[in-house]
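Scroll down for the structure; my scribbles are underneath it.
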Amino acid sequence: MAGLRDIRQRIRIVRNIQKITSAMQMVAAARLKRAQDRVGAARPYAEKMAEVMSNLSRATTDISHPLLETRDPQRLAVVVVTADRGLCGSYNTNIIRQAVQLLRAHAELEAVVLPVGNRGPASFRRLGYTVGATFPLPSRDVLLSDAQAITAEVRRLFESGAVDLVYLVYTRFYSALRLQPTVQQLLPLQTPQAEGVATAEEYLFEPEPHRLLANLLPRYLDMQVFQALVESVASEQGARMTSMRSASDNAAEMIDRLTLSFNRARQAAITKEIAEIVGGADALKG
Amino acid sequence: MPDRTFTLDIVTPEQLVLSEDVASLTVPAVEGYLGVLAGHAPLMAELRQGEIHARRADGTRVAMTIGGGFMDVGHNHVVILADSAETGAG
């Protein structure tokens with residue numbers, strides 16, 4: 001049996017770890033709340049944007065724009081949104097696995113990975129994939145400009161013909177317990193299809209449709225990436241909160257077990273001492 | 001007779017800024033300021049940076065400053081997708 005001092009030492013260590021994990025859990029819970037609000041706040045814009053897009057595609061018959069151009073795919077770019085840090089359970093593993101699955105499905109294409117967040121680049125390099133531009137995932141609130149940095153690079157690749165297909169892999173946030181790694185095609189852009197029959201209503205455009213579209217489509221792309229970033233951040237905090245809670249629970253369980261063996265060891269030592277004294281007294285009686 | 005009203009939604013990527021019934025609206029379109037009243041024909045316009053002025057049916061006014069965006073005028077429903085929006089005129 002381990003010495004009393006050793007056991008006491010281990011209890012102290014585990015207790016310190018528990019302090020850290022439960023603090024992290026609380027921080028994640030607070031950040032999750034904030035991130036969740038952001039997800040909710042970003043939704044109306046996304047919905048309205050989709051509405052406007054479908055109105056526009058219903059009103060104009062021949063839509064042509066570089067971002068809509070479908071080419072015979074030869075090269076593929078995959079934007080993968082991971083976390084900046086670890087200690088969030090299987091969050092990063094899951095999203096990377098999803099991305100690898102996508103890359104395997106398109107094994108015949110030349111692929112480049114554009115990781116967002118610090119956790120991505122090293123993993124993809126180790127797996128033998130080409131890594132292109134990397135982007136940080138700020139620990140402050142995600143801004144539209146963060147999304148625009150990504151879309152600028154993606155558009156450059158697509159419009160110059162360096163890639164023909166762009167996918168976005170991120171974690172959809174349904175609830176703190178339900179996170180879904182998701183694959184979405186970014187380019188060529190898929191416009192939301194107009195529902196129902198085309199209305200006879202003549203739309204007025206200012207400026208003319210193709211110029212309007214030229215300005216609207218990039219915004220639509222920005223918004224999709226922005227939405228993905230916001231959802232990913234919420235997912236990350238949710239995953240961290242859950243994993244830190246189970247780490248704290250495990251630590252509590254470990255402390256219980258260690259305390260039990262500490263008490264047993266202490267009792268055994270006392271019993272042994274008594275036995276020795278009694279033995280000694282008996283010997284004196286002779 | 002009260003003015004006829006229509007719904008005005010102003011949204012930015014970060015939040016829904018405004019959703020109200022208004023009687024008239026003036027927006028900074030790229031080709032000049034544009035007025036919208038209830039029953040306006042379907043219109044899609046690009047907006048530049050500038051001020052939005054709206055008047056409610058009771059005559060009170062709403063002013064916002066936006067940083068460019070798009071406006072979709074549908075059937076008595078106007079949606080403004082703004083890059084940014086602040087209450088008040090600059």
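The values are calculated or read from the model by the stated rules, or taken from the named source; none is laboratory data. The structure displayed is predicted, hence computed values, not measured ones. We place every Cβ from the backbone using ideal geometry, glycine too, and count neighbours over all the protein chains shown. Just the protein is used for accessible areas: all its heavy atoms, side chains included, with ligands, DNA and RNA removed. Shrake-Rupley method; radii C 1.70, N 1.55, O 1.52, S 1.80 Å.
Over every Cα atom in segment A:164-286, the radius of gyration and the widest Cα-Cα span, Dmax, amount to 34.4, 119 Å. With the charge dipole of segment A:26-242 set up from +1 on Lys and Arg Cβ and -1 on Asp and Glu Cβ about the Cα centre, the Cα lying farthest toward the positive end among the listed residues A:94, A:46, A:173 is that of A:94.
For chain B, the spread of Cα coordinates along the three principal axes comes to 36, 25, 23 Å, biggest extent given first.
Under unit Cβ charges (Lys, Arg +1; Asp, Glu -1), what dipole magnitude, rounded to 20 debye, does segment A:81-167 have relative to its Cα centre?
Magnitude of the dipole: close to 360 debye.
The residue list A:11, A:254, A:271 was ranked by how far each Cα lies along the charge dipole of the protein assembly as shown toward its positive end, using unit charges on Cβ atoms, and A:271 comes out on top.
Directionally averaged projected area (segment A:26-242, Cα convex hull): 12.6 nm². Put a dot 7 Å past the Cα of residue A:159, heading toward its Cβ, do the same for residue A:4, and the two dots end up 7.6 nm apart.
For segment A:50-125, the list of GluC sites (Glu not before Pro) that fall in a loop by DSSP and count at most 13 other C-beta atoms within 10 angstrom reads A:108.
Using heavy-atom solvent-accessible surface (probe 1.4 Å) with all chains present, what is the largest-first order of A:104, A:34? Provide the component values of the computation, followed by the final result.
Numbers: A:104 165, A:34 140 Å².
From most accessible down to least: A:104, A:34.
How many partner chain Cβ atoms sit within 10 Å of a residue's Cβ in peptide A:214-221, on average, as a whole number?
Averaged over the peptide's residues, the number is 2.
Testing the spin-label approximation: label points 7 Å from Cα along Cα→Cβ at residue B:55 and residue B:33. State their distance in nm. Label-label distance for residue B:55 and residue B:33, simple model: 1.2 nm.
Between the listed residues B:17, B:85, B:36, the Cα displaced farthest toward the positive end of the dipole of segment B:6-90, a dipole computed from Cβ unit charges relative to the Cα centre, is found at B:36.
Averaged over peptide A:40-46, the number of partner chain Cβ atoms lying within 10 Å of each residue's Cβ comes to 6. With all protein chains in place and ligands, DNA and RNA left out, the 1.4 Å accessible area ranks A:231, B:51, A:202 as A:202, B:51, A:231, largest first. Rolling a 1.4 Å probe over the protein heavy atoms leaves residue A:173 with an accessible area of roughly 10 Å². Amide H contacts of residue B:57: B:23, each under 5 Å away and 5 or more positions distant or on a separate chain (H built 1.01 Å from N in the peptide plane; Pro and chain starts excluded). Remark: chain B carries a charge dipole of roughly 260 debye about the Cα centre, counting +1 on each Lys and Arg Cβ and -1 on each Asp and Glu Cβ. Each residue of segment A:111-120 was assigned a 3J(HN,Hα) from its phi angle through the Karplus expression (A = 6.51, B = -1.76, C = 1.60, θ = phi - 60°), giving 10, 10, 9, 10, x, 10, x, 5, 7, x Hz with x at Gly and Pro. The tail of the calculated P(r) for the protein assembly as shown, taken as Cα-Cα distances beyond 41 Å, holds 33 percent of the pairs. What's the magnitude of the charge dipole for the protein assembly as shown around its Cα centre, counting Lys and Arg as +1 and Asp and Glu as -1 at the beta-carbon? Answer in Debye, nearest 20. Magnitude of the dipole: close to 2760 debye. Relative contact order for chain A: 32 percent, from Cα pairs under 8 Å spaced at least 6 residues apart, divided by residue count. Listed values for segment A:177-189 are Karplus-derived 3J(HN,Hα) couplings in whole Hz (6.51 cos²θ - 1.76 cosθ + 1.60, θ = phi - 60°), namely 9, 10, 10, 10, x, 10, 10, 9, 7, 8, 9, x, 4, and x replaces Gly and Pro. Across the protein chains, with a 1.4 Å probe defining accessible surface, the residues A:139, A:175 rank A:139, A:175 from largest area downward. Taking only protein heavy atoms and a 1.4 Å probe, the accessible area of segment A:17-78 is 54% carbon and sulfur. Take each residue in B:40-51, count the other chain C-beta atoms within 10 Å of its C-beta, and the mean is 4. Take the Cα of residue A:84, step 7 Å toward its Cβ, do the same at residue A:277, and the gap between the two points is 6.2 nm. Surface burial for B against A, with a 1.4 Å probe and both sides summed, reaches about 2300 Å² of accessible area. For chain A, the longest principal axis of the alpha carbon atoms and the long axis of helix A:209-285 meet at an angle near 10°. Please give the helix A:144-159 orientation as an angle from the longest Cα principal axis of chain A, in degrees from 0 to 90, rounded to the nearest 10. Relative to chain A, helix A:144-159 is tipped by roughly 60 degrees.
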